[in-house]
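These notes concern the structure reproduced below.
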Amino acid sequence: MPASYAYLGPEGTFTEVALRTLPEAATRQLIPYVSVQSALDAVRTGEAEAAFVPIENSVEGGITTTLDELVAGSPLMIYREVLLSITFALLVRPGTTLSDIKTVSAHPAAQSQVRNWLRAHLPDADWESAASNADAARLVQEGRYDAAFAGEFAAARYGLEALETGIHDFPETAQTRFVLVGRPARPAAPTGADKTSVVLWQRDDHPGGLRDLLGEFATRGINLMLLQSRPTGAGIGNYCFCIDAEGHISDRRVAEALTGLKRICLEVRFLGSYPRADLTAAEVRPPRPGTSDEEFASAADWVARCQDGRF
């Protein structure tokens, strides 16, 4: 049997479509799981080599289910990311008309992307959340709901038809970011267009605490691409911070930022350094002199010479 990749199922999800864009997916057994948690648990227990799950949406922001699963439990690491443009179709059983629809279903993240369309065309329809958009299509097939917002490609899989297509509320098509997650290992070599993900826990709650964390990045000219707080479960006001930063852990400025964070944080969880899906190279933004890898190396060499009395 080939090695397997777990993914958020069932078959016909946007997650499956995004996963199949990875060249290595053609050599793996792709196994759908009912939830993000079960897909990631399959990696933790060794049932799967890796899991492919959504982590961020351009409309909704971070996918909290995925972030929380990466924050808790035994450590996992992100190896790859994929960006997929998302447009929805309204899938129904054959013969269903718009006036027949009293209930609609989809994953909760879809609701914010079709809310205006729903208000304009089906203002009286009741919304019911499903584990995934494809699962909503399956429930329509079974007669539980009248319609589902899902990818048009899922219609044939579930014996449905697309009553409407190209549905989205925003002028620019929404994008969802998916990540390939495996067990911790040495990060891949830097490409020059990389991203580093971490989770940070403060030692205590104090004025300027978040500024202190962000300052480790800012003083080294590192741009942040995602900053989201998540409750730790230790009571109201207790949060950790999920961060995506430009650059690779092997970059001097990123390594020094992580070193500084490790000194001042209660805990730092490294989630990986991996190629950016948009292939955009990290940029040291002016006026930030002294933040290139060469300048970091030169400064470290100067300190070493001082320690040896060679200054």
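The values are calculated or read from the model by the stated rules, or taken from the named source; none is laboratory data. Small disclaimer: the values here were computed from a predicted structure and weren't measured. In this analysis, Cβ positions are derived from the backbone assuming ideal geometry, glycine residues included, and neighbour counts consider all displayed protein chains. Areas reflect the complete protein model, heavy atoms only, side chains present, ligands, DNA and RNA absent. Shrake-Rupley method; radii C 1.70, N 1.55, O 1.52, S 1.80 Å.
Approximating the spin labels as points 7 Å out from Cα along Cα→Cβ, the residue 97-to-residue 11 distance works out to 3.4 nm.
Note on residue 214 and residue 173: the model spin-label points, each 7 Å out from Cα along the C-beta direction, lie 3.3 nm apart.
The relative contact order of the chain comes to 20 percent, based on Cα pairs under 8 Å that sit 6 or more residues apart.
The equivalent ellipsoid that matches the C-alpha gyration tensor of the stretch 194-236 spans semi-axes of 21, 14, 7 angstrom, in descending order.
Amide H to amide H distances under 5 Å link residue 62 with 57, where only residues 5 or more positions off or on other chains count and H is placed in the peptide plane. Between residue 161 and residue 305, the C-beta separation translates, for a Förster distance of 51 Å, into a calculated FRET efficiency of about 0.10. Spacing of the modelled spin labels on residue 87 and residue 259, each 7 Å from Cα toward Cβ, amounts to 5.0 nm. Accessible surface calculations at 1.4 Å, restricted to protein heavy atoms, place the stretch 187-310 at 54 Å² per residue. Residues whose amide H comes within less than 5 Å of that of residue 30, counting only those at least five positions distant or on another chain, are 5 (H built at 1.01 Å from N in the peptide plane). Applying the Karplus relation 6.51 cos²θ - 1.76 cosθ + 1.60 with θ = phi - 60° to the stretch 72-84 yields 3J(HN,Hα) values of 9, x, 5, x, 10, 9, 7, 10, 9, 9, 9, 9, 10 Hz, where x marks Gly and Pro. The C-alpha atoms of the chain define a longest principal axis, and helix 293-307 lies at about 30 degrees to it.
Protein heavy-atom surface of the stretch 187-310, 1.4 angstrom probe: 54% of the accessible area is carbon and sulfur, with nucleic acids and ligands not counted. Two numbers describe the Cα atoms of the stretch 1-146: Rg and Dmax, which are 16.5, 49 Å.
Computed from backbone phi with θ = phi - 60° and the Karplus coefficients 6.51, -1.76 and 1.60, the 3J(HN,Hα) list for the stretch 198-212 is 9, 10, 10, 10, 6, 5, 7, 8, 8, x, x, x, 5, 4, 4 Hz; x is used for glycine and proline. Each Cα pair of the chain feeds into the Kirkwood radius, which the Stokes-Einstein equation turns, at 10 °C and 1.306 mPa s, into a diffusion coefficient of 74 µm²/s. Under 5 Å between amide hydrogens, built in the peptide plane, is the criterion, and for residue 86 it picks out 174, 175, 176 among residues at least 5 positions away or on other chains.
Okay, which of the stretch 64-86 sit inside 17 Å, backbone N to the point 7 Å along the Cα-Cβ direction of residue 281? So the set is empty, nothing qualifies. Rounded to the nearest Hz, the phi-derived 3J(HN,Hα) couplings of the stretch 176-190 under the Karplus curve 6.51 cos²θ - 1.76 cosθ + 1.60 (θ = phi - 60°) are 10, 9, 10, 10, 9, 10, x, 6, x, 7, 5, x, 5, 4, x, where x marks glycine and proline. Here the stretch 187-310 is assigned +1 on the Cβ of each Lys and Arg and -1 on the Cβ of each Asp and Glu. Its dipole about the Cα centre then comes out at about 160 debye.
Note that the stretch 88-167 shows a convex hull volume over its alpha carbon atoms of 73 Å³ per residue.
Which value, to two decimals, describes the C-alpha radius of gyration of the stretch 187-310 once divided by 2.2 N^0.38 Å?
Cα-based Rg divided by the globular estimate yields 1.15.
Averaging 1/r over each pair of different alpha-carbon atoms in the stretch 75-234 and inverting the result gives 19.0 Å, the Kirkwood hydrodynamic radius.
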